[in-house]
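Below is one structure, written out as structure tokens, with a few remarks after it.
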């Protein structure tokens, strides 16, 4: 199993409508056939020194194996998301674990 966790910090001037569109596009990634489990979220209201709540969106995907992860990376839905929405990224951090 591969866990693919992506944290997005969007640019400060991103509007609420753009954030809604961004989230809707993230949701389409659930339709990629190799995605086993999926979650899109925003920072939970948890105040602890070790919890980072500075990001805008969190995307967590689970794949059966590395081959499935590789399919996801070149899938048309993933490519379409990146092409349309990467202009909003201020910062992106990815954690992959197996």
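Read the figures in this text as sums done on the coordinates, not as results from a lab. This structure is a prediction, so every number in the text was calculated from the model and none was measured. FYI the Cβ positions are ideal-geometry reconstructions off the backbone, even for glycines, and counts take in every protein chain you see.
The table below lists the values:
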item	result
Point-to-point label distance, residue 23-residue 9, nm (Cα→Cβ direction, 7 Å offset)	2.1
Relative contact order (%) - criterion: Cα under 8 Å, at least six apart; region: the stretch 1-82	44
Computed log₁₀ I(q)/I(0) - Debye formula, equal Cα scatterers, no solvent, the chain, q 0.25 Å⁻¹	-1.44
Selected from 86, 48, 23 as most flexible by GNM, with the chain as the system and alpha-carbon contacts under 10 Å	48
Viscosity 1.567 mPa s, 4 °C: Kirkwood-radius Stokes-Einstein D of the stretch 44-98 over Cα pairs, µm²/s	95
Residue-averaged [θ]222 nm for the chain, counting only DSSP H segments that reach four residues, each worth -39500 (n - 2.57)	-10000 deg cm²/dmol
